[in-house]
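Let me begin by presenting the structure, written as structure tokens, before commenting on it.
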Amino acid sequence: MVARARATFTTLGLAAAALLLSSCGGLGGIAPIFPTPVSPNGQDIYNLYLLISIPAIIVFIGVEVALLWVVLRYRRSRQPAGYVPPQIHGHNGLEIAWTVAPLVIVLAIAFVSFQELQKDFQPINNQQMLVVVSGHQFGWIYTYENGVVVDQEGTLAGNVTPFVVPVNTLIKLQFRGTDVIHSWWVPAISGKTDAVPGYDNFSWLKISQPGTWRGECAELCGAGHSTMQIIVQAMDQTDYDQWVQTQLAAKHASPSPSPSTSPSPKPSASPS
Amino acid sequence: MAATTVLPRPKAYDDSFFKPISLWLTTTDHKLIGIMYMVTGVLSFVVGGIFALIIRLQLAQPNLSVVDAETYNQLISAHGVTMIFFFVTIFLTGIANYLVPIMIGARDMAFPRVNLLGFWLIPVSIILYYSAFFTGGALDAGWTGYAPLTEKAYQSHSLGVDFWALSIIVWAISGIMASTNFLTTIVALRAPGMKLTRLPLFVWAQISTSILLLVVGAPLAAAMILLEFDRQLGTQFFTTQGRPVLYQHLFWFFGHPEVYIMILPGFGMISEIIPVFARKPIFGYMSMVMALFGIVFLSMTVWAHHMFTVGMNTYVETFFMVMTMLIAVPTGIKFFNWIATAWWGSIEFTVPMKFVFGFLATFLIGGITGVYLASVPVDTQLHQSYYVVAHLHYVLFGGSVFTIFAGLYYWFPKITGRLLNRTLGEWNFWTLFIGFNGTFLIMHTLGLEGMPRRIATYTNVSWATTNLIITISSFLIAFSVLLFLINVVRSWNGGEIAGNDPWGGNTLEWATTSPPPPYNFERVPPVRSFMPLRDLRESGEFVDPEAIPALV
């Protein structure tokens, strides 16, 4: 009787789980780390995340096990009748130990983070290409040095015009905001960079393989915030050159496309 | 010998659920004001929770339109403002208002009428905020209200930002009043023998909280005033032509210490509850106090870690990164001292103690993810994603809210004279613990995969199941809170009579009746350590307050 009831419940539970999974597509968003990075700066952040995870997981497991031990071992029902706990008010050695140990761990984490910060987060000058990325409500406009302009206007469906880049090319991105603050984020490439009105902000990418990666605006910028999708498409150099020619031809065919909202890529004001 | 006047115990201080409204409106009794603060806080919790449930319905599946994007933005803003400004901070001010004077053996706060004014500014602040919903829409730029999105150029349709700014200014004034009052009370009104080194750790926590709010309340009001100048007088402080990042500096100079304003009183409560149920004194009293002040100092030097993507100089970022990570040190001291207090103890797992351990287990996760977020390069990935939403709920919900529940179950008998029902309490704890982790644990991974916070909807179908699990779990939290509310109302009306000291407490609030009389103590008991009541119990000197004629 009990066994049959248990079997019924198990079947029902499995059926419900299967229904849940099948009705909603795959189970995404449960990986414990970023998407596989395709740009060296993203790779460095990925590695740093892994490095921090070593002490983090050790501390997590150690402290949770200690808590579990306290819960299981020192509950009153487990203690002998009439047990009077030792009245300890502290222990200098222990207290110093658990002051110094976290200090050493966080300083080590801070040090490796500082090294990565110096390596990948300084404004670069040795770029092979410069693209001005301008955020507005609600879309991105990419202005290339050769005159190509990609208008990535946000859509509800998310199928925005891709921002096309050649592979294995060090591209400096120069961010500016024309109205409110936006934040450009493609997790597979690297971290976020804010596009703030009033000064220019910088980042870079160097994508290692052809492909398409998605991202979104990460700073609440108004009612259309969730439509500000980003698609980055990396192409081989030959495909890219062809794409540039097509873009330039289309631009000359219709003299005033509508890059009126995009600012010209003039030299930046200095950051405040 | 002259007959002593026997004062009848006022009717108003009985343990009945309903009291005359005139009493509530005019009282300067810190205990009644404390109750009003706490009730306001819990009501805000319910309102903010309803906002959260609507948000979760909207995000349950991709491309839903339960609410439109504009309404969604108002809901997330209202959820944040309600929970942070009107629930956690207000509730904690209330419980401190109730307990601090009793714990130090005082009869009331130092400035009872300032206390009254400070409390009544809170409903003013709340009404100001919500009235914006009837003037074309409330704040829709998140609880942080980043300029220039809050500027007139992008808010032509409503007065929501103005109402929010005014509301926060009033709130800050109230907070400054309360902080001044707490500090004066603790400095000036301690009972004989209550040296600073004998203060209960909850009182120390309140000192550190009050110092923080006193320092950072004014810059918050300043940010709001400058924003109003921009909006109403046409100045250019934070506009597209001005310096939007300056707003972030001002706001976070308040905003980060506010995090500690919301958790330090909780730390204090944990430090009171563990020793009582483990039957051991707190481990490392002095290092606990020093850790509190370490956190106070450090928390005012870390604000720009909310701004690692705006493009600051990398050395400036390094400074804020190191200071942020250093907060893990005093927090770690507190954590290990709590574990050491419970170690070798004889622990009674009452409902408050369950919430304490629920807090320890979850707050640890929030602390560890905080170190990831402090690392500037990693933060550029995690910032403004669901990882941050998960982190902040692990420290604010797993942290502050679990400590609030622990405190409520622990002190409810003192406040009402009746115990909260234990069975409902167990259900409340387990459903909250499971619902909380089910809701927020997988938000970390959603954020890692690229889901930004504050998006009204998403197109990525692979996030659908994860979001559905989160939504279902969030309704489990709502169910748990419902159990709690039923428990409060039922127990307040007819719960088991608690007696003066149901737990075997260490501190002075258990040395008086439940609920205490208006003057708190007939005779203030002598204080010889930071556990005065335990000393009296052990030396056999303790006099039951019920046996004192004036109180019968």
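Yes/no matrix, rows are residues, columns are (1) at pLDDT 95 or above; (2) within 14 Å of chain A (Cβ to nearest Cβ):
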position: B:LEU64; (1), (2): no, yes
position: B:GLY80; (1), (2): yes, yes
position: B:PHE87; (1), (2): yes, no
position: B:ALA110; (1), (2): yes, no
position: B:SER125; (1), (2): yes, no
position: B:THR144; (1), (2): yes, yes
Self-check item: Of the criteria (1) at pLDDT below 95; (2) on the phi < 0 side of the Ramachandran plot; (3) within 14 Å of chain B (Cβ to nearest Cβ), which one A:GLY198 fails
Solution: (2)
Quiz prompt | Count - residues of the stretch A:100-139 that are at the interface with chain B (Cβ under 9 Å from one of its Cβ atoms), buried (at least 21 other Cβ atoms within 10 Å of the Cβ) and more than 30 Å from B:PHE335 (Cβ to Cβ) | solution = 2
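Given the criteria outside any helix (DSSP H, G or I) and either out of contact with any helix residue (DSSP H, G or I) (no Cβ under 8 Å at 6 or more places or on another chain) or touching a residue at least 40 places away in the same chain (Cβ under 8 Å) (or both), does B:PRO281 qualify? Steps first, please.
Values: outside any helix (DSSP H, G or I): yes; either out of contact with any helix residue (DSSP H, G or I) (no Cβ under 8 Å at 6 or more places or on another chain) or touching a residue at least 40 places away in the same chain (Cβ under 8 Å) (or both): yes.
So B:PRO281 passes the test.
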Practice problem: Could you tell me whether any residue of the stretch A:101-110 is in contact with a Leu (Cβ under 8 Å, 6 or more places away or on another chain), in a loop (DSSP other than H, G, I, E, B), at pLDDT 95 or above and within 30 Å of B:GLY450 (Cα to Cα)? | Solution: no
Quiz item: Of the conditions (1) in a loop (DSSP other than H, G, I, E, B); (2) surrounded by fewer than 24 Cβ atoms within 10 Å (Cβ to Cβ), B:PRO123 fails just one. Which one is it?
Solution: (1)
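Identify the residue in the stretch A:223-251 that is under 18 Å from the mean Cα position of the chain (by Cα) and within 14 Å of chain B (Cβ to nearest Cβ) and, among all such residues, is surrounded by the most Cβ atoms within 10 Å (Cβ to Cβ). Before you say what the answer is, go through the steps one by one.
Step one: of the stretch A:223-251, the residues under 18 Å from the mean Cα position of the chain (by Cα) are A:225-233.
Those left that are additionally within 14 Å of chain B (Cβ to nearest Cβ): A:225-232.
On the way: A:HIS225: 25, A:SER226: 25, A:THR227: 24, A:MET228: 30, A:GLN229: 24, A:ILE230: 23, A:ILE231: 17, A:VAL232: 23.
Here the answer is A:MET228.
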Quiz prompt | Hits in the stretch B:282-318 (condition: under 25 Å from the mean Cα position of the chain (by Cα) and surrounded by fewer than 19 Cβ atoms within 10 Å (Cβ to Cβ)) | solution = B:MET286, B:MET290, B:PHE293, B:PHE297, B:MET300, B:THR301
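Which of the residues that make up the stretch B:393-449 are basic (Lys, Arg) and in a helix (DSSP H, G or I)? Give the derivation first.
Narrowing the stretch B:393-449 to residues basic (Lys, Arg): B:414, B:418, B:422.
Selection gives B:LYS414, B:ARG422.
Here is a check on your reading of the model: is A:VAL150 at pLDDT 95 or above and more than 10 Å from chain B (Cβ to nearest Cβ)?
Details: at pLDDT 95 or above: yes; more than 10 Å from chain B (Cβ to nearest Cβ): yes.
It is true that A:VAL150 is at pLDDT 95 or above and more than 10 Å from chain B (Cβ to nearest Cβ).
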Exercise. Report the residue count in the stretch A:218-272 for those that are at pLDDT 90 or above, of a type in the set (Val, Ile, Thr) and closer than 23 Å to A:THR193 by Cα.
Key: 4
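From the list B:SER514, B:SER480, pick out the single residue that is modelled with pLDDT of 95 or more, among the hydroxyl-bearing types (Ser, Thr, Tyr) and buried (at least 20 other Cβ atoms within 10 Å of the Cβ). Can you show your working first?
On the way: B:SER514 fails: modelled with pLDDT of 95 or more.
Every option except B:SER480 fails the conditions.
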Practice problem: Within the stretch B:385-432, track down each residue that is of a type in the set (S, T, N, Q) and crowded, with 24+ Cβ neighbours inside 10 Å. | Solution: B:SER385, B:SER400, B:THR403, B:ASN428
Self-check item: the stretch B:453-491: number of residues that are within 17 Å of B:THR439 (Cβ to Cβ) and in contact with a strand residue (DSSP E or B) (Cβ under 7 Å, 6 or more places away or on another chain)
Solution: 1
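Per-residue answers, yes or no, for (1) in contact with a Pro (Cβ under 9 Å, 6 or more places away or on another chain); (2) more than 8 Å from chain B (Cβ to nearest Cβ):
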site	(1), (2)
A:ALA31	no, no
A:PHE34	yes, no
A:PRO37	yes, yes
A:VAL59	yes, no
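Take the residues in the stretch B:450-473 that are in a helix (DSSP H, G or I) and not β-branched (Val, Ile, Thr); name whichever of them is farthest from the other protein chains (Cβ to nearest Cβ).
Restricting attention to the stretch B:450-473, the residues satisfying the condition of being in a helix (DSSP H, G or I) are B:461-473.
Adding the requirement that they be not β-branched (Val, Ile, Thr) leaves B:462-464, B:467-468, B:473.
Numbers: B:SER462: 3, B:TRP463: 5, B:ALA464: 4, B:ASN467: 8, B:LEU468: 6, B:SER473: 13 Å.
Only one residue tops the list, namely B:SER473.
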Practice problem: Being touching a helix residue (DSSP H, G or I) at 6+ places or on another chain (Cβ under 7 Å) and assigned to a loop (DSSP other than H, G, I, E, B) is the filter here, so list the residues in the stretch B:28-61 that pass it. | Solution: B:THR28, B:ALA60, B:GLN61
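The values are calculated or read from the model by the stated rules, or taken from the named source; none is laboratory data. Please read these numbers as outputs of a predicted model, since none were measured by experiment. Counting neighbours? That spans all protein chains shown, and the Cβs are built from the backbone with ideal geometry, glycine included.
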